[in-house]
1. Could you tell me which numbered condition residue 116 fails, if it satisfies all but one of (1) closer than 13 Å to residue 11 by Cβ; (2) surrounded by 17 or more Cβ atoms within 10 Å (Cβ to Cβ); (3) at pLDDT below 90?
2. Which condition breaks for residue 24 when tested against (1) farther than 22 Å from residue 110 by Cβ; (2) assigned to a helix (DSSP H, G or I)?
3. Of all residues in segment 44-77, how many are under 30 Å from residue 20 (Cα atoms), open to solvent by less than 60 Å² (accessible area, probe 1.4 Å) and touching a residue at least 40 places away in the same chain (Cβ under 8 Å)?
4. Do we have any residue at all in segment 98-110 that's over 19 Å from residue 6 (Cα atoms) and either touching a His at 6+ places or on another chain (Cβ under 7 Å) or at pLDDT 95 or above (or both)?
5. Considering only segment 78-96, I want to know if a residue exists there that is modelled with pLDDT of 95 or more, open to solvent by 10 Å² or more (accessible area, probe 1.4 Å) and either assigned to a loop (DSSP other than H, G, I, E, B) or in contact with a Lys or Arg (Cβ under 8 Å, 6 or more places away or on another chain) (or both).
6. Can you name the residue in segment 14-33 that is open to solvent by 50 Å² or more (accessible area, probe 1.4 Å) and acidic (Asp, Glu) and, of all such residues, is farthest from residue 101 (Cα to Cα)?
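The values are calculated or read from the model by the stated rules, or taken from the named source; none is laboratory data. Note that this is a predicted model, so its numbers are computed, not measured. A quick note on method: Cβ atoms are made from the backbone with ideal geometry, for glycine too, and the neighbour counts reach across all protein chains shown. These accessible areas exclude ligands, DNA and RNA; they are computed on the full protein's heavy atoms, side chains included. Shrake-Rupley method; radii C 1.70, N 1.55, O 1.52, S 1.80 Å.
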Amino acid sequence: MNCIPEDLAVHRVEVLEQLAAELPAASDALRYRDNFARLLPQRIEEVTVEIRSGNRQAAETALLSLSVGSRMVGAPRLEYVVGRCLADIRSGRRAECLPALIREAERFLTHVAETFSAEAHPRGTGRHRLDS
């Protein structure tokens with residue numbers, strides 16, 4: 001699946017900032033993103049197992065959950081691929097989406113790791129907008 005729109009970002013921080021505005025503390029949004037990232041490999045493995053075993057209902061449930069989480073943390077590329085995977089499963093193409101799903105999950109995790117490093121070691125005197 002190489003048809004991911006080029007204009008989709010790996011991560012849209014403004015989505016996370018909006019989530020932070022809706023929560024009691026901005027750090028809650030970062031914690032949600034970090035928990036999403038921490039659980040992402042396990043969730044991708046679950047989707048992979050369900051797709052390969054032919055358990056369509058369980059795969060759809062896992063993908064729907066992954067789609068919601070991707071949207072909440074501002075991961076549009078991952079959300080897009082999850083949507084394509086759902087379409088593939090619903091049309092009977094069970095495993096065509098897995099390589100792209102794994103690739104985009106890894107891309108998001110790399111981005112979060114780099115962002116976490118930047119948040120932990122900010123340059124200059126400006127604070128990260130979510131660090132309130």
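1. (2)
2. The single condition residue 24 does not satisfy is (2).
3. 7
4. No - not one qualifying residue is present in segment 98-110.
5. Within segment 78-96 (the criterion being modelled with pLDDT of 95 or more, open to solvent by 10 Å² or more (accessible area, probe 1.4 Å) and either assigned to a loop (DSSP other than H, G, I, E, B) or in contact with a Lys or Arg (Cβ under 8 Å, 6 or more places away or on another chain) (or both)), the answer is yes, since at least one residue qualifies.
6. Filtering segment 14-33 for residues that are open to solvent by 50 Å² or more (accessible area, probe 1.4 Å) and acidic (Asp, Glu), the one farthest from residue 101 (Cα to Cα) comes out as 22.
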